[in-house]
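Right, one structure below, let's go through it.
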Amino acid sequence: MATQALLLTNVGGDPCTIGTLPMVGFSDVGQGSFAPAKTAKTSVTLSPGESATLMLGAPATCETTDQDRAAVEPALSLTLSVGPPVLIPNVYVPTHCGDPQILRFEGQARDIVTSAMSDLAGEILSPGAAIPGEPMSYRVRLINPSPHSIELAPCPSYTEYLDGVPATYLLNCTVVSRLRPDESVVFDMHIAAPAALNPAGEHRLGWHLEVPAGLSAAVSLAASPEMRRHVN
């Protein structure tokens, strides 16, 4: 038996499910689709970067051949559960001894190269006024400057502090669980200003990602609206 493998890869950033067995047929319109073997799966779920193999098989030799059919089909038509048919060129499927069959349809894991969370960069954005004893709002932007995706898994903790008074919390990873290269995400943050905070002095707001060699960012808050930003 001659075989031909078609590789379907999820190139998006989210998992996708191929809910029904793809329809594969000859490129000529109206030629129908190949019958599946009993062992072929009917659906596959692919994580980002994972692939599914659609294996076709056709009789390579036979006692009598169909002279009205081409010996080899150079293109196939592929139809998924959504979207129009897609022409797959540059295939080699013998057809003179009978129609091909879908032998196998299954997912296969693909190694995804990722960077560590220590490669994340970040900055503190738009901190509000520091009023003694009152909560203060600000934002933190995490940026992936690396050439690979960075998984926020397991979800990391972070420590924030105002004038040296720390508090540690778990980051809200439901906002995003992966940052692709050059992507960024902004988190809303809140911190309680110490009751003994001197409203006329200069104060330091800091933020640290609690992973090995994790990023640290800080800003200086003056009594005036002017701020000096520092990113370590």
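Structural remarks
- Share of carbon and sulfur in the accessible area of segment 91-171 stands at 52%, probe radius 1.4 Å.
- Two-site label geometry, R139 and A213: point separation in nm, points 7 Å out along Cα→Cβ: 3.0
- The stretch between A121 and V11 holds 37.1 nm of extra length on full extension. This uses 0.36 nm per residue minus the Cα-Cα distance.
- Residues H208, H190, sorted by accessible area with the largest first, give H190, H208 [1.4 Å probe; ligands and nucleic acids excluded].
- Listed residues M189, M55 arranged by accessible area, highest first, probe 1.4 Å: M55, M189
- Computed accessible area, R204, all protein chains, 1.4 angstrom probe, square angstrom: 90
- Heavy-atom accessible surface of Y138, to the nearest 10 Å², is about 10 Å², with a 1.4 Å probe and all protein chains retained.
- Cα→Cβ-extended label distance, 7 Å offset, between A35 and Y161, nm: 7.3
- Largest to smallest in accessible area, the residues E50, E106 fall in the order E106, E50 (1.4 Å probe, all protein chains included).
The values are calculated or read from the model by the stated rules, or taken from the named source; none is laboratory data. What you are looking at is a predicted structure, and each value in this text was computed from that prediction instead of being measured. Glycine also receives a Cβ, built like all others from the backbone with ideal geometry; neighbour counts cover every protein chain displayed. The accessibility values were calculated without ligands, DNA or RNA, using every heavy atom of the protein model including side chains. Shrake-Rupley method; radii C 1.70, N 1.55, O 1.52, S 1.80 Å.
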